[in-house]
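This report refers to the structure that appears directly beneath it.
Derivation of every value follows stated rules applied to the coordinates shown; laboratory data play no part. What you are looking at is a predicted structure, and each value in this text was computed from that prediction instead of being measured. FYI the Cβ positions are ideal-geometry reconstructions off the backbone, even for glycines, and counts take in every protein chain you see.
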Amino acid sequence: MTIQEIEARLAEIRKLIESASAEEIEALSAEVDGLVAQREALKAAEEKRAAIRSMVATSGTNANPVIPEARKEYGADSEEYRRAWLKSMAVFRSQDGTEHKLLGEMTAEEREAFTFTTANTTSVVPTVVLNRIVELVKSMSPLYDDSNQSGMTQGFGVPRHTAISQGDAATTSEGVANDDEIDSFDLLALTGVEIKKHAKITRKMQWQSITAFENWLVSHLSKRIAVAKDTRIISQLDNTTYGIASGNKISRTYTDNAIREALGLLTEPGQVVWYASAKTIYNGLAGIKDNNGRPLFLESTVTDDPKVKGRIYGGIVKEDANIPDNVVYVGVPRSILANDFDALFIGRQTDMTTFVTTIGGYALFDAGLENPTAFVKITFTSAPVIAIPSTASVEVDATYQIPVIALSPADATITWSSGTTAKGTVDSNGVVTGKASGSTVITASITVGGTTVSDTCTVTVTS
């Protein structure tokens with residue numbers, strides 16, 4: 001075969017690979033290897049012939065024969081490959097099966113770069129494009145950005161220290177040995193979950209330049225992948241086995257006491273970060289005040305990170321749109337292990353029924369919490385409310401049901417008590433029984449999220 005015939009066959013293979021089966025791909029891959037090797041041999045022979053011709057033509061007059069330039073090698077980080085890859089992605093197939101290349105044909109240099117880089121592997125994502133997606137994912141996923149990231153290619157487990165069952169530091173009498181330490185561990189297994197996100201090209205879509213298409217592709221895939229990774233981390237924090245310890249999941253009202261309680265439950269040293277939605281930050285956290293009436297939330301003046309909104313007790317407050325309203329995760333984010341098992345893969349496929357080209361992104365990712373008490377989850381509830389009449393009357397040996405005028409939450413358990421049981425008693429349902437002439441103060445109380453509120457009714461007992 002000539003070099004031109006080899007180039008033509010490689011172009012055919014690039015089209016065939018889109019719809020080939022796994023077995024066909026293996027065969028085509030072997031054929032590509034052979035064609036590339038044959039092409040290199042032909043080019044090397046031609047270069048030698050050219051060198052010999054040059055030396056013969058200048059024999060006796062030129063002691064410095066012309067040496068042909070070395071062939072340029074391309075990789076995923078080359079500009080030629082970036083342009084070629086983007087052109088290979090921006091393809092729309094019409095109803096008659098014709099492929100329309102929305103960014104035009106590859107130049108000779110781009111075609112050579114694409115063939116050279118993908119000869120022995122799949123169509124790898126250009127370095128510049130991949131880096132842009134990674135940076136955007138981090139900027140839109142604060143939990144992932146702050147986590148302890150790794151790139152192990154196989155599933156792995158991390159022994160997680162959960163408790164010292166015996167032998168913790170203790171005082172003993174002189175000459176008496178301390179108990180042998182017995183530690184409790186479980187295994188934090190990160191096996192990987194598939195993240196598949198895509199963007200669609202329809203027949204009406206057009207781009208003015210390669211850069212415009214690149215911006216569109218990067219933006220769409222980054223947003224979807226960021227949400228998927230952030231959501232996975234949140235679900236792992238909630239995991240009953242490998243997530244936050246049950247004692248570190250609390251339900252409280254928006255109070256200074258709740259904030260300080262959460263900080264007191266953290267056992268991991270390091271920078272503390274509060275993660276919450278914008279509504280939770282500004283409608284909840286920003287309104288909390290200490291005992292002196294001073295707000296706990298101090299708005300941030302930092303402008304280089306738009307996720308940072310302020311500080312609470314020295315901890316950084318970050319907005320995370322993937323966390324439900326009235327829920328806050330606070331902790332030391334470096335205790336979150338996040339692993340990308342492989343580089344992001346991007347490919348395209350055309351649906352022959354709708355003739356829409358789908359550009360899909362695939363990643364294998366997982367995350368988990370190394371220290372179960374390195375984070376606290378706070379579910380904030382509204383301030384509890386209870387109201388009963390201020391006065392009532394009942395005769396001796398008669399009963400009176402005290403009505404509840406207001407109760408929030410509606411399912412709160414009410415605790416009833418009588419200030420002077422000799423005059424009147426009250427049962428668990430709020431029914432007062434008159435005992436002797438006089439009066440008693442009946443108190444109704446509820447406790448929600450660590451906050452207790454009550455109301456009173458003065459009951460007059462008559463004979």
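What's the extension gain from Thr456 to Asn283 if we count 0.36 nm per residue and subtract their Cα-Cα distance?
Value of the extension gain: 59.2 nm.
A simple spin-label model places pseudo-atoms 7 Å from Cα toward Cβ; at Ser219 and Val431 they are separated by 6.8 nm.
A full extension of the chain between Glu5 and Glu99 corresponds to an added length of 31.6 nm, given 0.36 nm per residue minus the alpha carbon distance. Where in the stretch 369-395 does the label zone of Ser300 land, with the point 7 angstrom along Cα→C-beta and an amide N cut-off under 20 Å? The answer is 375-378, whose backbone nitrogens lie closer than 20 Å to the label point. Pairs with C-alpha atoms separated by more than 29 Å, drawn from the list Lys229/Lys377; Lys101/Lys307; Lys229/Lys279; Lys48/Lys101, are Lys101/Lys307; Lys48/Lys101.
On the basis of the beta-carbon distance and an R0 of 35 Å, Glu23 and Asn148 show a calculated FRET efficiency of 0.30.
With kT/(6 pi eta Rh) evaluated at 25 °C and eta = 0.890 mPa s, and Rh the Kirkwood radius from Cα pairs, the stretch 385-462 diffuses with a coefficient of 198 µm²/s according to Stokes-Einstein.
What the phi angles of the stretch 292-298 give under the Karplus curve with 6.51, -1.76 and 1.60, with θ = phi - 60°, is a coupling list of 9, x, 8, x, 6, 7, 10 Hz, glycine and proline written as x. Once backbone amide H atoms are built at 1.01 Å from N, Thr253 has Thr381, Thr451 as its partners under 5 Å, excluding neighbours fewer than 5 places away on the same chain.
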